[in-house]
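S.K.: Starting off with a structure, shown below.
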Amino acid sequence: MTKTTTNLLLMLITIVAGTYFYVTCCSECNAGAVTTEPSTEQVIIKEPEATAYPFAIDGNGFTYNTNDNYNFNLSSQTFLTPLSLELKNGVNSLKEHLGTNENNVINVTGFYTSDEENNTAFPNLGLARANNIKNDLAAKGIPTAQINTFGKIMDEMIAKDGTYLGAASFSLIEKSATADDELKALYEKIKADPLILYFDTAEASISLDATQRQKVADISRYLDKVAGATTSVVGHTDATGQASTNMRLGQDRADFAKNYLMTNGIASDKIIATSKGHSQPIANNTTEEGREKNRRTVITLN
């Protein structure tokens with residue numbers, strides 16, 4: 001056998017052996033391989049759990065705690081009824097404590113979220129909710145002079161089926177040593193800058209802006225705190241039309257403001273609503289600008 005023939009034979013043997021080795025080994029590798037199918041399992045996103053704040057007060061010698069509280073529907077200032085027996089018992093206990101501790105006051109803070117609508121007479125929905133609770137406490141015998149109301153934004157609140165559970169907190173504190181001075185300053189502020197509502201021709205209702213609603217809240221706060229205090233509501237018109245018609249229109253405007261104040265929790269017997277018709281202009285009735293200024297209702301403290 002020649003050298004060339006020998007080399008060709010060796011090459012052939014090498015190719016055959018390599019092919020056999022590849023087929024044998026790779027078949028075993030493929031047999032052990034695992035094919036992963038695309039996952040068809042659905043990812044379930046859990047809804048966040050609803051928040052629930054208790055009716056809990058602990059301080060100044062008074063302690064009461066129940067998981068029940070005042071509940072409110074989304075964008076509503078009115079708490080849901082009926083109230084639980086535990087909550088009613090807590091309010092009664094609070095009433096007894098405040099009756100024997102006149103230097104104590106209860107702070108009521110209403111919660112609200114930034115995505116709720118405020119269609120109330122108050123600067124924010126939290127304050128409206130606190131005021132609604134205040135009215136309930138007052139109806140149960142707690143003097144409004146011993147109730148402070150506040151509003152607080154709480155975007156961490158999560159509703160349950162459209163209802164915020166316990167959208168308010170409570171704290172019992174000593175009456176501030178400067179409380180009387182603060183009320184005096186509030187009185188002077190309201191007298192110096194009364195609430196004035198302006199109306200379109202022949203109209204007796206408007207929508208109040210945030211600044212006007214804050215003035216309503218200030219008046220409400222003063223009347224709550226000062227026994228015997230009253231507010232005057234005087235309706236005015238421009239000189240267009242007959243005097244008798246304008247007297248009625250001025251009264252309608254005064255009554256609109258009175259009803260608005262009453263929705264803020266102010267008792268009707270603290271509101272004196274009258275009309276001056278067109279008898280007390282503050283601007284020239286011969287110009288449109290002057291007539292606009294005369295179509296007004298002025299609300300201040302007596």
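Each value in this text was obtained by applying a stated rule to the coordinates, not by laboratory testing. Model, not experiment: these values are computed from the prediction. Neighbour counts are summed over all protein chains in view; Cβ atoms, including those assigned to glycine, are modelled from backbone coordinates with ideal geometry.
S.K.: At a Cα cut-off below 13 Å, give the aspartates and glutamates reachable from residue 258, other chains included and same-chain residues fewer than 8 away excluded.
M.R.: Hits, sequence-local ones excluded: 269.
S.K.: In sequence order, what are the phi-derived ³J(HN,Hα) couplings for the stretch 155-161 according to the Karplus relation 6.51 cos²θ - 1.76 cosθ + 1.60 with θ = phi - 60°, rounded to whole Hz, with x for glycine and proline?
M.R.: 5, 7, 5, 10, 6, 10, 6
S.K.: So what's the convex hull volume per residue for the Cα atoms of the stretch 181-301, in Å³?
M.R.: Residue-normalised Cα hull volume stands at 97 Å³.
S.K.: Let me ask another. Can you give the Kirkwood hydrodynamic radius for the stretch 235-302, in Å, rounded to one decimal and based on Cα pairs?
M.R.: 12.3
S.K.: Mind scanning 215/270; 134/293; 95/191 and naming the pairs with a C-alpha gap bigger than 28 Å?
M.R.: Over 28 Å apart, Cα to Cα: 134/293; 95/191.
S.K.: When N counts the residues of the stretch 41-119, how does its alpha-carbon radius of gyration compare numerically with 2.2 N^0.38 Å, as a ratio?
M.R.: 1.47
S.K.: I've got another one for you. On the first, second and third principal axes, largest extent first, how far apart are the outermost C-alpha atoms of the stretch 162-245 in Å?
M.R.: So the extents along the principal axes, rounded to whole Å, are 56, 42, 21.
S.K.: What number does the stretch 80-203 give for Rg over Rh if you use C-alpha atoms and the Kirkwood radius?
M.R.: Taking Rh as the inverse mean 1/r over Cα pairs, Rg/Rh reads 1.03.
S.K.: Within straight cross-link reach of residue 175, meaning Cα distance under 18 Å, which aspartates and glutamates are found once same-chain residues fewer than 8 apart are removed?
M.R.: Candidates past the 8-residue exclusion: 58, 96, 102, 224.
S.K.: Rank the residues 236, 278 as a footprinting-exposure proxy: fewest other Cβ atoms within 10 Å of their Cβ go first.
M.R.: With the sparsest Cβ surroundings first, the list reads 278, 236.
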